[in-house]
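Data block below; observations after.
The values are calculated or read from the model by the stated rules, or taken from the named source; none is laboratory data. Computed from a predicted structure; not experimentally measured. Cβ: placed from backbone, ideal geometry, glycine included. Neighbour counts: every protein chain shown.
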Amino acid sequence: MSPVFLLCVFVEFKKARQFYNVKDSANNALLALLHQGSDALVLLLLMPFFIWLHQFSLFKIELSALSLFAGFILQDFLYYWFHRASHNIHWFWLAHVVHHSSTKMNFTTAFRQSVLYPFVGMWLFWVPMILIGFSPSLVFAIVAINLAYQFFVHTQTIGNLGWLERIFNTPTHHRIHHATNKPYIDKNYGGVLIIWDKLFGTFAKEDKTITIKYGIVGKMPKDNPLSANFSQIGVLREQLQHAKG
């Protein structure tokens, strides 16, 4: 998918350069490389554990169109709860804050990911699928497809998509998710489907009278990959010290 992603970035940059900052996009690209490296390393180390765990699964689910569809729906449901936890539990926010710590919104924002995801335990949210009976290889293939889809919702150049807005996470919905405007904070957690937000009360519809401001609430990290990845650890440490006091 990388050539497709890069082509989208190129076309968007040519069409809407005002949404880009060269340093920000370069940082996003470097963060993506670091994230992919940490993800690949930890997945390689954990795969024997997932294979071992699979032997205790409730069922042995064979690969079929039905199992693919069921796996996709279940994984997207679990992704919703991972994403919601990442905004409401500081331990998971340590990683997810990286993705939100930019005041820009364009396709390269999708590249802006943390090296800490595998260490804070994003993979824990996929364990139920393995215990139900989906093979580890299928689980992580579905995860990859879900995340690939989400690349395309990080843009300001695509408007309302009509009836698709009712079911799917779209650029309109995801722009709201990245907003720091009070009515939009902690809304629209869906990965591919937006129905989970509608079911669990976290959906927000776009208000055209509100000009979206992107970033995070509170102090922004310095504009470099090192600070983006690790500055939130210091924030958590300070909060724990105050709690003890």
- Query: Could you say whether any residue in the range 237-245 is at pLDDT 90 or above and under 20 Å from TRP93 (Cα atoms)?
  - Reply: no
- Residue list for the range 206-236, filter: surrounded by 14 or more Cβ atoms within 10 Å (Cβ to Cβ), of a type in the set (D, E, K, R) and modelled with pLDDT of 90 or more: GLU206
- Query: Which is surrounded by 17 or more Cβ atoms within 10 Å (Cβ to Cβ) and of a type in the set (Val, Ile, Thr), of VAL127, VAL153?
  - Reply: VAL153
- Look at SER114 and say whether it is in contact with a strand residue (DSSP E or B) (Cβ under 9 Å, 6 or more places away or on another chain) and either crowded, with 21+ Cβ neighbours inside 10 Å or at pLDDT below 95 (or both). no
- Within the range 165-182, residues being outside any loop (DSSP other than H, G, I, E, B) and surrounded by 13 or more Cβ atoms within 10 Å (Cβ to Cβ) number 10
- Name every residue in the range 96-121 that is part of a helix (DSSP H, G or I), out of contact with any Asp or Glu (no Cβ under 7 Å at 6 or more places or on another chain) and more than 21 Å from TYR184 (Cα to Cα), in order of residue number. THR108, PHE111, PHE119, VAL120
- Any residue in the range 89-106 that's over 14 Å from HIS35 (Cβ atoms) and surrounded by 22 or more Cβ atoms within 10 Å (Cβ to Cβ): show its pairings with residues that are of a type in the set (Asp, Glu) and modelled with pLDDT of 95 or more at Cβ separation under 7 Å, as long as the two are six or more apart or on different chains. SER102/ASP24; ASN106/GLU12
- By residue number, the members of the range 14-59 that are over 20 Å from MET122 (Cβ atoms), more than 22 Å from the chain's Cα centre (by Cα) and in contact (Cβ under 8 Å) with a residue 40 or more places away in the chain are LYS15, ALA16, PHE56, SER57, LEU58, PHE59
